[in-house]
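Peer 1: Below you will find the structure I want to go over with you.
The values are calculated or read from the model by the stated rules, or taken from the named source; none is laboratory data. Everything numeric here is computed off the predicted structure, so don't read it as measured data. Please note: Cβ atoms are built from the backbone with ideal geometry, for glycine as well, and neighbour counts cover all protein chains shown. What goes into the accessible areas is simple: the full protein's heavy atoms, side chains included, and nothing from ligands, DNA or RNA. Shrake-Rupley method; radii C 1.70, N 1.55, O 1.52, S 1.80 Å.
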Amino acid sequence: MNKQSLISICIPAYNAEKFIKKTIESVLSQSYQHIEIVITDDCSKDQTVDVISSFTDKRIKFYQNEKNLGVEGNWNKALKLATGKYCKMMGADDILYPNCLEEQLKIIDNPDNADVVLVTSHKNVINQDGKLIMTRKFPGSGKYEGIKALKKSLHRGTNVIGEPVSGLFRKEVLEKSGYYNGENLYMIDMDLWSRMLKHGDLYVVDKNLYAFRISTDSLSTNIGFAQVKLFNTFVDKLFADKDFKINVFDKYLAKTMALAMGIARNLIYLIYFRKK
C-alpha cells in the first residue's frame, strides 16, 4: 500500500445536526489517517454548522454554500473540491467502521488491481438510534468485470453494489464517467456506479465495513412503492444505452425483482418506522 495516497472523504450536509457528529468521528477514527474530510453545508436551518465547527482537526475542510444547491449540486461540489487520489462520498448520517479505508485502499492501491475503479463491501443497516436492523451483502466477493457486476445488481431488483458510502473510487474516473446526476434522485448512487463500471472493474471486500442509516427522515423510507417505478425508469435508461449490453431478459428480470424487493422493503419500513 502506498502510504502517500490521499483519500478524500466527502460529506455533503443539510440539516444533519442529529447524526453528523458521529459520522465525522467515525472518519477521524479510521486506522488509515492520510485523509481529508470535505464537508459542504447546503444552507442548513438547524445546528449542523455549529456541530461541524466544534471540530478542530485540520484535515477537515468545511465549506458553506451561499445558496442552496440541492442534492446534485451539493454532492458534486464536495467531489470537485476533493484533492485526493481516491474519494469516498458518504451521507451525513452514515458510519465508517475503523478499518474501512485501510481495507478498501489496500485493494484499489494495489498495482495488480489497476483495472479496478470501484471498491465496495458488505454493510450493516442501522436505525436512527444506531440499532442494527439487518446486514446486507453483495452476492459474492472479490473482483467482478464492471458490466457483469452491474447486471448482478439489476437481477436482484435493487442496488446491491451499495449506497454512496460503500464505495472508494479513483478521482480520475470521474473525468470519464461524469459526476452525480440528480435526475432520478433515488437512483443517484447506482447511476454513478453504472457509469464508472463502464471503465473498469468492481471489487467487493468480504467484510462489513460501514453502516448505512435509515430513519423516519430518510428518502428511502418516505417514497414507498415509488421506488419501484424509479428503479424501473433507471433500468429502461440502461437498456437504451448499448454500452451496458442489457438485453430483454435482463430488463424484465430486473423489473420483476424490483417489485418483489419493493414489497419486502416496505414491510421492513412498516415494522421499524411506521409505529414511531
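Peer 1: Decide, for the stretch 97-240, between rounded, prolate and oblate: order the square roots of the alpha carbon gyration tensor eigenvalues as a ≥ b ≥ c, take rounded if a/c falls under 1.5, and otherwise choose prolate if a/b is larger than b/c, else oblate.
Peer 2: Details: a/c = 1.78, a/b = 1.13, b/c = 1.57.
Verdict is oblate for the stretch 97-240.
Peer 1: Take every Cα pair under 8 Å in the stretch 1-158 that's 6+ residues apart, average their separations, divide by the length, and report that relative contact order as a whole percent. Can you show the working numbers first?
Peer 2: On the way: 232 pairs, mean separation 43.6, N = 158.
That works out to 28 percent.
Peer 1: Quick check on my link table: of K88/K151; K21/K237; K61/K151; K18/K131; K21/K152, which ones sit more than 27 Å apart, alpha carbon to alpha carbon? Walk me through the numbers before you get to the answer.
Peer 2: Values: K88/K151 23 Å; K21/K237 37 Å; K61/K151 37 Å; K18/K131 15 Å; K21/K152 35 Å.
Over 27 Å apart, Cα to Cα: K21/K237; K61/K151; K21/K152.
Peer 1: Another question about this same structure. Note down the Stokes-Einstein diffusion coefficient of the stretch 1-138 in µm²/s, whole number, using a Kirkwood radius over alpha carbon pairs, 4 °C, and 1.567 mPa s.
Peer 2: Working: Rh = 15.8 Å.
After rounding, the answer is 82 µm²/s.
Peer 1: Taking the Cα centre of the stretch 1-90 as the origin and placing charges on Cβ (Lys, Arg +1; Asp, Glu -1), which of C43, L28, Y14 is farthest toward the positive end of the dipole?
Peer 2: L28
Peer 1: Which helices of the chain meet both criteria: a Cα extent of 20 Å or more along the helical axis and a mean Kyte-Doolittle score no lower than -1.0, with helices taken as whole DSSP H segments? Can you show the working numbers first?
Peer 2: On the way: long enough: 226-240 (21 Å, 0.60); 248-272 (36 Å, 0.90).
Membrane-span-like by this criterion, though nothing is claimed about a membrane: 226-240, 248-272.
Peer 1: Identify all aspartates and glutamates with a Cα-Cα distance to K143 below 18 Å; exclude those on the same chain that are fewer than 8 residues away in sequence.
Peer 2: E102, E103, D109, D112, D115, D201, D206
Peer 1: Highest GNM mean-square fluctuation, the chain, Cα pairs closer than 10 Å: which of I133, I147, I24?
Peer 2: I133
Peer 1: Show me 237-249, 197-209, 174-186, 86-98 ranked by packing, highest mean number of other Cβ atoms within 10 Å first.
Peer 2: Working: 237-249: 13.5, 197-209: 19.8, 174-186: 15.5, 86-98: 22.6.
Put in order of decreasing packing, that is 86-98, 197-209, 174-186, 237-249.
Peer 1: Something else about it: Compute, for R59, the solvent-accessible surface of its heavy atoms (probe 1.4 Å) with the complete set of protein chains present, and express it in square angstrom to the nearest 10.
Peer 2: Estimated to the nearest 10 Å², R59 gives 50 Å².
Peer 1: Let me ask something additional. Quick check: pseudo-label points 7 Å beyond the Cα along Cα→Cβ at F249 and E145, how many nm apart are they?
Peer 2: 1.5
Peer 1: If you don't mind, another one. Among E36, E66, E163, which one shows the highest mean-square fluctuation when the chain is modelled as a Gaussian network with alpha-carbon springs under 10 Å?
Peer 2: E66
Peer 1: Okay, next question. Quick check on the chain: helices-only [θ] at 222 nm, where DSSP H runs of length 4 and up contribute -39,500 (n - 2.57) each and the sum goes over total residues. Nearest 500, please. Please list the in-between numbers first.
Peer 2: Details: 9 runs with 98 residues, N = 276.
So the helix-based figure for the chain works out to -10500 deg cm²/dmol.
Peer 1: Mind ranking 75-81, 229-235 by how tightly packed they are, going by the mean number of other C-beta atoms within 10 angstrom, highest first? Walk me through the numbers before you get to the answer.
Peer 2: On the way: 75-81: 19.7, 229-235: 18.0.
Highest to lowest by the protection proxy: 75-81, 229-235.
Peer 1: Okay, next question. How large are Rg and Dmax for the chain when calculated on the C-alpha trace, in angstrom?
Peer 2: 17.9, 54
Peer 1: With label points built 7 Å along Cα→Cβ from the Cα atoms of M257 and Y63, find their separation and express it in nm.
Peer 2: For M257 paired with Y63, the spin-label model returns 3.7 nm.
Peer 1: In terms of the Cα gyration tensor, with a ≥ b ≥ c the square roots of its eigenvalues, is the stretch 46-127 rounded because a/c is under 1.5, prolate because a/b exceeds b/c, or oblate? Kindly include the intermediate steps, with their values, before the conclusion.
Peer 2: Details: a/c = 1.92, a/b = 1.61, b/c = 1.19.
Prolate shape, in that a/c is at least 1.5 and a/b is the bigger ratio.
Peer 1: Hey, another quick one. Per residue of the stretch 125-133, what does 6.51 cos²θ - 1.76 cosθ + 1.60 with θ = phi - 60° give for ³J(HN,Hα)? Whole Hz please, x for Gly and Pro, Karplus curve as stated.
Peer 2: 9, 10, 9, 5, 9, x, 7, 5, 9
Peer 1: So which lysines pass the test for K85, namely a Cα distance under 16 Å, with those fewer than 8 places away in the same chain ruled out?
Peer 2: Output for K85: K3, K106, K171, K176.
Peer 1: Where both partners of a DSSP beta bridge lie in the chain, what percent of those bridges are antiparallel, to the nearest 5? Before the final figure, lay out each step's value.
Peer 2: Values: 13 of 39 bridges.
The antiparallel fraction comes to roughly 35 percent.
Peer 1: Same structure again: Would you mind getting me the FRET efficiency between S54 and Q33? Use the beta-carbon distance for r and R0 = 25 Å, nearest 0.05. Walk me through the numbers on the way to the answer.
Peer 2: Working: r = 20 Å, r/R0 = 0.81.
Taking R0 as 25 Å, the efficiency between S54 and Q33 is 0.80.
Peer 1: Using the Cα gyration tensor of the stretch 82-166, with a ≥ b ≥ c the square roots of its eigenvalues, what is the shape: rounded (a/c below 1.5), prolate (a/b larger than b/c) or oblate (neither)? Mind dumping the intermediate values first?
Peer 2: Details: a/c = 1.96, a/b = 1.18, b/c = 1.67.
Oblate is the answer for the stretch 82-166, as a/c is 1.5 or above yet b/c matches or exceeds a/b.
Peer 1: Under a 5 Å amide H to amide H cut-off, with H placed in plane at 1.01 Å, what residues pair with A13 once short-range neighbours are removed?
Peer 2: The list, which skips near neighbours in sequence, is T40, D41, D42.
Peer 1: Just to confirm, what accessible area per residue do you get for the chain at 1.4 Å probe, in whole Å²?
Peer 2: Working: 12410 Å² over 276 residues.
Per residue, the chain has 45 Å² of solvent-accessible surface.
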